[in-house]
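Novice: Encoded as structure tokens, here's the structure I'll be asking about.
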């Protein structure tokens, strides 16, 4: 028996647009099933393309770095020699440069970002806080090559005069390993400062979001118990947000690790391992950018690609560590994360 | 005694409480009732200066505790809040602290460090809040593992630990089941012996069974107040009668 339901679509006349369309498309539009299938196909392909892209990049990196790894072995990672003219390649100086500059950048940007976020959310009047947030967003929009230029012309001379002051200081600061060496201006400190400036907007805006997520009920509970503003922030609001602030730090670190242009412009580009903040250095990202165009041999290119692979592995490890840390924190804090 | 005279509260120039004068005698439970949006919670929050935290809020008139103006410019809101405790609509224990540390959070804030004293105070507050037997074996646990009613009693214990003179309760049972509600009401009667309790509730049965005095608020104005029995049996204003018999609100 024919179900009356089949006739129902014909009982309401199709709209004018549908009447103009050819029969096939009309049926297709009115049932919607074809559209659904097409939609699923398109979105599915998009998702697959994203995953595929990642795979392609990884494959390229692994394939590209194979010659260098075959030639030098995995000890490549821990060798401090980098001498392309004599076909000697080692990643350690660059790893050190990346780690040291990132450390300096994070040591400055993390406290600065978190404290600024606290000021914006908990202390400053709303209008002023909005103005500052806007300024910080604009800071994030500055292309890093421009920051690099500013670094060369403004920051490096500033750092240099600071270094000279330390050098001449009668207190003998220059005998300390981290302040030793010639006051050149370019080097780890200048690069670290630039990285701090670049990481700051990320850390600040994420921390700000995190602090805004603290329920009003928590704030009120603290104040109703007779907490001063400082106590409420230090004992309740920050501990509540600490997981998210950890995430903010990681985001900043991820930004800092791979940053190339600005760092290359102010770090001095000398592959060496020195504890001094004033010494020149080199990072994984900047050596790739600097030497790729003039690599003397295929092996040199392969070595550069393997430096990139190290950077990739580093970020993946960082991500994994972050996830593990979050799982640990979640377990320790009980059901806090659950709504 | 907590009291207010000609109290007015505005948010961004919009008047929410208009000229309310009330007294909250010690050792009494006073219920503030009224339809949603009448300003009950706003009124309550003025009594421990919570509006100080809201930009755009303005409180005028007089709020006194033992005759002293708590809004006087020399009064520190932090100290005011230590004398006038508050329990909120939704239980809000600190998820980052253990049950024990939640209980003594207020004492820690006021600088008490002595471990033995803190322990003693925690036990006393938890006993007072009728929670001790349920949590004494897991004082180090996370408070979020407690039931809703237990969490709310933990919040009451937390407020009691600093030994306040007044306890403000903002619809403390609205998220609780009847059994948990009954426990909290029973608790209020015991607390009455040592402090004055002000409870905001939209539940008229609760006001009728668990308070000594009742104040009826409507559109930011105090319509009537008096002994609970009188308000519920022989109200003077027809509006009060209409509200308690469910004709509006």
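The values are calculated or read from the model by the stated rules, or taken from the named source; none is laboratory data. Everything numeric in this text was worked out from a predicted model, so none of it was measured. Every residue, glycine as well, gets a Cβ built from its backbone with ideal geometry; the counts of neighbours run over all protein chains shown.
Novice: Name the single residue, out of those in the range A:196-223 being assigned to a helix (DSSP H, G or I) and out of contact with any helix residue (DSSP H, G or I) (no Cβ under 8 Å at 6 or more places or on another chain), that is nearest to residue A:138 (Cα to Cα). Step through it out loud before you land on a result.
Specialist: So the first thing to find is which residues in the range A:196-223 are assigned to a helix (DSSP H, G or I), and the list is A:196-212, A:216-223.
When the remaining residues are screened for being out of contact with any helix residue (DSSP H, G or I) (no Cβ under 8 Å at 6 or more places or on another chain), the result is A:216-217.
Values: A:216: 29, A:217: 33 Å.
Across the range A:196-223, the extreme among qualifying residues is A:216.
Novice: Another question, if that's okay. Counting only residues that are part of a helix (DSSP H, G or I) and loosely packed, with under 13 Cβ neighbours inside 10 Å, how many does the range A:165-180 have?
Specialist: Step one: of the range A:165-180, the residues part of a helix (DSSP H, G or I) are A:165-168, A:173-175, A:177-179.
Still in the list and also loosely packed, with under 13 Cβ neighbours inside 10 Å: A:165, A:168, A:175, A:177.
Summing the residues that are part of a helix (DSSP H, G or I) and loosely packed, with under 13 Cβ neighbours inside 10 Å in the range A:165-180 gives 4.
Novice: With respect to the numbered conditions (1) surrounded by fewer than 17 Cβ atoms within 10 Å (Cβ to Cβ); (2) at negative phi; (3) within 14 Å of chain A (Cβ to nearest Cβ), which one is the sole condition not fulfilled by residue B:74?
Specialist: That leaves (3) as the condition not met.
Novice: I'd like to check something: does the range A:291-309 contain any residue that is away from chain B (no Cβ under 14 Å), closer than 30 Å to residue A:163 by Cβ and buried (at least 19 other Cβ atoms within 10 Å of the Cβ)? Before you say what the answer is, go through the steps one by one.
Specialist: Let us first name the residues in the range A:291-309 that are away from chain B (no Cβ under 14 Å), namely A:291-309.
Narrowing the set further to residues that are closer than 30 Å to residue A:163 by Cβ leaves A:291, A:307.
Applying the additional criterion that residues be buried (at least 19 other Cβ atoms within 10 Å of the Cβ) yields A:291, A:307.
Checked the range A:291-309: at least one residue is away from chain B (no Cβ under 14 Å), closer than 30 Å to residue A:163 by Cβ and buried (at least 19 other Cβ atoms within 10 Å of the Cβ).
Novice: Okay, moving on. Can you say whether residue B:102 is in a helix (DSSP H, G or I) and farther than 23 Å from residue B:5 by Cα, as far as the supplied structure shows?
Specialist: yes
Novice: Could you please find all residues in the range B:148-207 being within 14 Å of chain A (Cβ to nearest Cβ) and in a loop (DSSP other than H, G, I, E, B)?
Specialist: B:162, B:163, B:164, B:165, B:171, B:172, B:174, B:175
Novice: Could you run through the range B:97-132 and say how many residues are touching a helix residue (DSSP H, G or I) at 6+ places or on another chain (Cβ under 6 Å), surrounded by fewer than 23 Cβ atoms within 10 Å (Cβ to Cβ) and facing chain A (nearest Cβ under 8 Å)?
Specialist: Count: 1.
Novice: Return the residues of the range A:224-261 that are free of Cβ contacts under 8 Å to residues at least 60 places away in the same chain, within 14 Å of chain B (Cβ to nearest Cβ), surrounded by fewer than 21 Cβ atoms within 10 Å (Cβ to Cβ) and touching a helix residue (DSSP H, G or I) at 6+ places or on another chain (Cβ under 6 Å); say none if nothing qualifies.
Specialist: Correct list: A:228, A:231, A:244.
Novice: Would you mind stating whether residue A:304 is modelled with pLDDT of 90 or more and more than 21 Å from residue A:159 (Cβ to Cβ)?
Specialist: Working: modelled with pLDDT of 90 or more: yes; more than 21 Å from residue A:159 (Cβ to Cβ): yes.
In short, yes.
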